[in-house]
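S.K.: Right, I'll just put the structure down here and ask away after.
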Amino acid sequence: MPTTQEDPETAEVRRKIGLQIQKMPEAIRNVMEKAQTLSLRQMSRDMGQPRHKIRELYRQGLDTLAQLGDETSFLEERLKRRCLSVSLNFLDTATLRDVSELPLEELSFLMNRLKQAGETQDRRKKTLTEALKMRFGGTAADRLHQAGKDTGTVRFKEGDMTIVAQFRKKVEWDQNILAQLASEFPAEVKCQYSFDEKAFEALSEEQKQRFNMARTVKIAGYEFTIKEEE
């Protein structure tokens, strides 16, 4: 097959990078050369070194290449894709400290992979659920109706398999009507008061002090985003 001819500018950048790599200590030089064709796992096995050691040598090499400025960006991105692509399996065995001490590039990579995996999983689950509903939903609804129900769990056979269908219940109450009935059933009707947060922020400080006695702020969850500066 014919080879693609590099333009003179790219060839010159590669020549400069090659010279810089050749000047590096042997351990760093080996990592930088292998990182262009091998994954982190392959380098660890090939060199008999733990991954964290290879990452450190790799970073030292990048620091040296940084002397060339922006000319090394294309190679650096190529190395990152190979040397910093941590498998999601790492999260199954690593300690919290191990994960927290990963370079930001790796943390960002893991976050993106998890997001993609989650979206893929949700899409697959939705497709499978809709397909099962298409195949068994009619039979399940008929069985429920025969029992005088709209929701609940029914079981029926198809061949040698037993199908278990659940139609979960979700109850919604008309708040105005329920409020009218509350006086007749004070023990059964449960009321919960809340205050709009935007309205609270618009209150005066004096008014906020009165509401603060009833207000508790809790952390509902955590979310972090890592963005590369442009």
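What follows is calculated from the coordinates using simple rules that are stated; it is not laboratory data. Quantities reported herein were computed from a predicted structural model and do not represent experimental measurements. For neighbour counting, all protein chains shown are included, and Cβ atoms are generated from backbone atoms with ideal geometry for every residue, glycine included.
S.K.: Calculate, for THR120 and ASP160, the FRET efficiency according to 1/(1 + (r/R0)^6) with r their C-beta to C-beta distance and R0 22 Å; round to the nearest 0.05.
M.R.: The formula returns an efficiency of 0.10 here.
S.K.: What order do you get for 206-219, 120-133, 22-35 when each peptide is scored by the mean count of other beta carbon atoms within 10 Å, highest first?
M.R.: By packing density, highest mean first, the sequence is 22-35, 120-133, 206-219.
S.K.: Would you list, by chain and number, the lysines whose Cα falls below 28 Å from the Cα of LYS23, excluding same-chain residues fewer than 8 positions away?
M.R.: LYS34, LYS53, LYS80
S.K.: Provide, for the stretch 126-207, the number of lysine pairs with alpha carbons under 28 Å apart, each pair being eight or more places apart or on different chains.
M.R.: Eligible lysine pairs with Cα atoms under 28 Å apart amount to 17.
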